[in-house]
Amino acid sequence: VSPDVVICGAGVGGLAAARALREVGLDVLVLDRQRDTPQVAKGELLQPESVRILDAWAATPALRETDAVPVDRLAIRDPHGILKLNLGYRDLPGPYRSILCTRYPDVLDALTRCLDPAVEVRRGVLVEDLIRDHTGRISGVRVTQDGNRSEIPARLVIAADGPSSRLRQAAGLTATRKTYPHRLLAVELSDVDVAAEVCAYLTDRGLRLVYPLPHGRCRLYVQVHPDEFRGPSTAPPDAWCNQLVAEVPALAPLGDALRTALPRRQVLAVYRLSAPRLSTPGLVLAGEAAHAVHPMAAQGMNSCLADAEALADQIHATGDTDTAALDRALLGYQSARLARLNHTATISHNAARMLTLTPGPGQRLGRRMMRHTAANPRLVRLTAGNLSGVAIQSLRPMDRLYQLGLLSDRRANAPIGGAPAGGADPTHGGMNR
Ligand SMILES: Cc1cc2nc3c(=O)[nH]c(=O)nc-3n(C[C@H](O)[C@H](O)[C@H](O)COP(=O)(O)OP(=O)(O)OC[C@H]3O[C@@H](n4cnc5c(N)ncnc54)[C@H](O)[C@@H]3O)c2cc1C
């Protein structure tokens, strides 16, 4: 029996879509070329908006079992640890006011465990191409499993196959990818005691970011030059660690753990990506097949989960699941999501630039904007609301002038729109046992 929906990709984007579309009554098959869950360091910070969605899907109990760590502020500090900007989440409107720090495989596991048993996740299946009906509408996928080729017809194909999406290309949809001029070295440190915050240290060589992980661990990201860990010019690990700690004395307590963990580092290219169209009849893009931002903005999973929720809402609203109704829902999804994704891309890029620019006019401007934002409680709350995903509000041109210090904001201490904070944060209550 053919499924209603074939989802290509069992990452956060694909599993979230499976969870949401099953809930609106569709038969869902998920395919992934990888046989096992990838053990990589990506997607560890779940913004409050993500926690809200995962809560609605009953996925947070599985995360709670992994001792995910709730934190309620993003702190920007100088190399000595002096606080320069405190983006507190405690004043966010609504009940979700913490980031959950977790491990990426645990997020995938939590999503898998909240799937309806009727959803099949088939691994070790490479989706090679799309199939189309006599009208040209996409009507399924062509796959290879264990050397055997076959076709799987479906009324809807979801391309959740990541940033290099083969299906996006096969469907004739485009995306623009821009690479940042630095890489990120990621390393997981054990037996450490770090503050309950996502902490960005600003240095003349770029960003150093630290946050806690379950079980006395933490993640350290270090912005590096693309060639810094390549070839014979690579500094010996000890010398590299010593220099890092000399430049950021606040990291000294992590020095020994860093030396031990450095051989297990990952060095990652960083880019942003956006697709101007998200759908074509019979196919829709979800997750990083459609959009990616600088990882330090911690927005990727948030957008994956929100894509899934929005798509299910649109399908539910059309009230039918024949091909014509599905295609109408895809257009609705596209218009509902594009504005929000563009907003996320803008705030993420601005945040990434502020944190990663090295000395020069751009960095001076970024630091100036950070200082004026830090001194303006309204802009601090606005920025925290945007990053958290639970209180989205675009900055106005006037706000940019306040950030630049060109105008003084008489409303700096005024509350921003939205309901006042109230009730206990279910993330904190649930996770901080
Ligand atoms: C270093 C780093 C740190 C990050 N940190 C955060 C963070 O803290 N918070 C956050 O919200 N986001 C973060 N992100 C972003 C987040 O990880 C991604 O947005 C999210 O994981 C993307 O999920 P996805 O399902 O869209 O894509 P992917 O994770 O790329 O999944 C795509 C899946 O499709 C499968 N696939 C691909 N092609 C085929 C094919 N032809 N046939 C079958 N299967 C196929 C792949 O095997 C893969 O499993 C980070 C990213 C990076 C790189």
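Only protein atoms count toward the accessible area here, which uses a 1.4 Å probe; on the chain, the carbon and sulfur part of that area reaches 51 percent.
From its DSSP helices (H runs of at least four residues, each -39,500 (n - 2.57)), the chain gives a residue-normalised ellipticity at 222 nm of -11000 deg cm²/dmol.
What region 161-287 shows is 44 Å² of accessible area per residue, with the surface traced by a 1.4 Å probe over protein heavy atoms. Solvent-accessible surface of region 8-110, taken per residue with a 1.4 Å probe and all protein chains present: 35 Å². For region 1-58, applying the loop criterion from DSSP together with a ceiling of 13 other beta carbons within 10 Å to the trypsin sites (Lys or Arg not before Pro) yields ARG35.
Taking other residues whose beta carbon is less than 9 angstrom from the beta carbon of VAL210, and scoring Lys, Arg as +1 and Asp, Glu as -1, yields +1.
A simple charge model with +1 on the Cβ of Lys and Arg, -1 on the Cβ of Asp and Glu and nothing else charged puts the dipole of region 45-172 at about 300 debye relative to its Cα centre. In the chain, the longest principal axis of the Cα atoms and the axis of helix 361-374 are about 90 degrees apart. Per-residue Karplus couplings for region 12-26, computed as 6.51 cos²θ - 1.76 cosθ + 1.60 with θ equal to phi - 60°, are listed in order as 4, x, x, 5, 5, 4, 4, 4, 6, 6, 5, 5, 8, x, 8 Hz, Gly and Pro entered as x. Say R0 is 51 Å: what FRET efficiency, to the nearest 0.05, do ILE131 and ASP193 get from their beta-carbon distance? With a Förster radius of 51 Å, E is 0.40. For every other residue with a beta carbon closer than 11 angstrom to the beta carbon of ASN413, add +1 if it is Lys or Arg and -1 if Asp or Glu, then tell me the sum. Every neighbour counted, the sum reads +3. May I ask for the percentage of alpha-carbon pairs in the chain that lie more than 39 Å from each other? Counting pairs separated by more than 39 Å, the tail of P(r) holds 21 percent. What angle do you read, to the nearest 10 degrees and between 0 and 90, between the alpha-carbon axis of helix 300-318 and the longest principal axis of the chain? That helix lies at roughly 40 degrees to the long axis. Remark: the Cα gyration tensor places region 175-253 in the oblate category, a/c being 1.5 or greater and a/b not exceeding b/c.
The values are calculated or read from the model by the stated rules, or taken from the named source; none is laboratory data. Remember, it's a predicted structure, so these values are computed and weren't measured experimentally. So basically every Cβ, Gly included, is an ideal-geometry build from the backbone, and we count neighbours across all protein chains shown. Just the protein is used for accessible areas: all its heavy atoms, side chains included, with ligands, DNA and RNA removed. Shrake-Rupley method; radii C 1.70, N 1.55, O 1.52, S 1.80 Å.
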